[in-house]
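Quick notes on the structure that follows.
Every number in this text was worked out from the coordinates using simple rules, so none of it is lab data. Computed from a predicted model, the values in this text were never measured in an experiment. Note that we place each Cβ from the backbone using ideal geometry, even for glycine, and neighbour counts take in every protein chain shown.
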Amino acid sequence: MAVGVFDSGLGGLTVLDAVSRRLPDVPFVYFGDNAHAPYGIRDAEDVYKLTTAAVSRLFDAGCDLAILACNTASAAALRRMQESWVPKDKRVLGVFVPLIEALTERQWGDNSPPREVAVKHVALFATPATVASRAFQRELAFRAIGVDVEAQPCGGLVDAIEAGDEMLAEALVRSHVEALKRRMPHPEAAILGCTHYPLLQGAFQEALGEGVKVYSQANLVAESLADYLGRHPGMRGTGDASMFLTTGDPGFVSDKATQFLRRRIEFRAA
Ligand code: DGL
């Protein structure tokens, strides 16, 4: 009974950390496609091919359910995968919906028409591919009306995080927040719409100011997964061991992951 967690690289570890705290008895198989990160500058076809290859590997490792802990893949590939690729006995879920439900104060399975919500000015920080897809605005429009979303494509940020260059990453956060504030001076909420960005949550909060509520996905996804597995216990799969797989250099990726999560993580070659 293992659940797969996929990301282009290290960012999905923020989700992995939260889901394994919330569900300590569930083994998780993590797949980081570090050799091909970042996805955020790739086109949708490319993201689709890489994501389906990675998820196939998770199925082979005994997972029946895979979480795309990657907004770029969730935005650019998930719908197509669910419509025409995912085998009947498997499931693939993305990370957008739990976040939007939290922002729009919705409960599980609330399919009522879109309505006005408290938050009116939302800043979205995400990869260039996620911003270009407009998937966030589309999902939001199903649930809320009258919300003004200003999206900032954060070019370079995932590369800096993958390379472990914290100073560059913090400088990029400041400049992306400044760029957004020129277009939306007073956002009420900010969405970290890339699973790499919670590794810099402090830098985002500082640049945005204390009055801005920063939403990140890890804990929201963990709650959603716990709820989902409660309702679909059969989706835990046959795998019984946690492991970390990477297409990159296992030594380098293990060291960076250990630095981020502050516990020893050992990756092996996918
Ligand atoms: N962490 C991923 C996301 O949530 C992907 C970032 C990338 O590879 O560009 O979008």
Exercise. From the C-alpha gyration tensor of the chain, pull out the three semi-axes of the equivalent ellipsoid (sqrt of 5λ each), sorted largest to smallest, in whole Å.
Key: 28, 23, 16
Self-check item: Whichever lysines have a C-alpha closer than 22 Å to that of Lys213, once near sequence neighbours (fewer than 8 apart) are set aside
Solution: Lys120, Lys181
Self-check item: Two-site label geometry, Ile145 and Asp25: point separation in nm, points 7 Å out along Cα→Cβ
Solution: 4.5
Practice problem: With r as the distance between the Cβ atoms of Ala35 and Glu105 and R0 = 51 Å, compute the FRET efficiency 1/(1 + (r/R0)^6) and round to 0.05. | Solution: 0.80
Quiz item: What does the convex hull of the Cα atoms come to per residue for the stretch 140-241, in Å³?
Solution: 149
Quiz item: Counting other Cβ atoms within 10 Å of each Cβ, which trypsin sites (Lys or Arg not before Pro) in the stretch 39-131 have at most 15 and sit in a DSSP loop?
Solution: Lys88, Lys120
Self-check item: Straight-distance crosslink candidates among lysines, where the alpha carbon sits under 29 Å from Lys49 and sequence neighbours closer than 8 are dropped
Solution: Lys88, Lys90, Lys256
Practice problem: Just report the Cα centroid separation between the stretch 197-211 and the stretch 66-85, whole Å. | Solution: 27
Practice problem: Could you work out how far apart the two model spin labels at Gln137 and Lys88 are, taking each label as a point 7 Å from the Cα in the direction of the beta carbon, and quote it in nm? | Solution: 3.9
Quiz item: Once Rh for the stretch 21-105 is found with the Kirkwood sum over Cα pairs, what is the Stokes-Einstein diffusion coefficient at 37 °C and 0.692 mPa s, in µm²/s?
Solution: 239
Quiz prompt | Glu116 versus Leu168: modelled label distance in nm, points set 7 Å from Cα along the beta carbon direction | solution = 4.7
Quiz item: Tell me, which longest segment in the chain has none of the chymotrypsin sites (Phe, Trp or Tyr not before Pro) that fall in DSSP loops with at most 13 further Cβ atoms within 10 Å?
Solution: 143-270
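For the stretch 132-234, state which GluC sites (Glu not before Pro) are in a DSSP loop and have at most 10 other beta carbons lying within 10 Å of their beta carbon. Intermediate values should be presented prior to the final figure.
Details: sites: Glu139, Glu150, Glu162, Glu166, Glu170, Glu178, Glu188, Glu206, Glu210, Glu223; in loops: Glu188, Glu210.
Filter output for the stretch 132-234: Glu210.
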Practice problem: Kindly state, to the nearest 0.05, the FRET efficiency for Asp255 paired with Ala179, given R0 = 41 Å and r defined as their beta-carbon distance. | Solution: 0.80
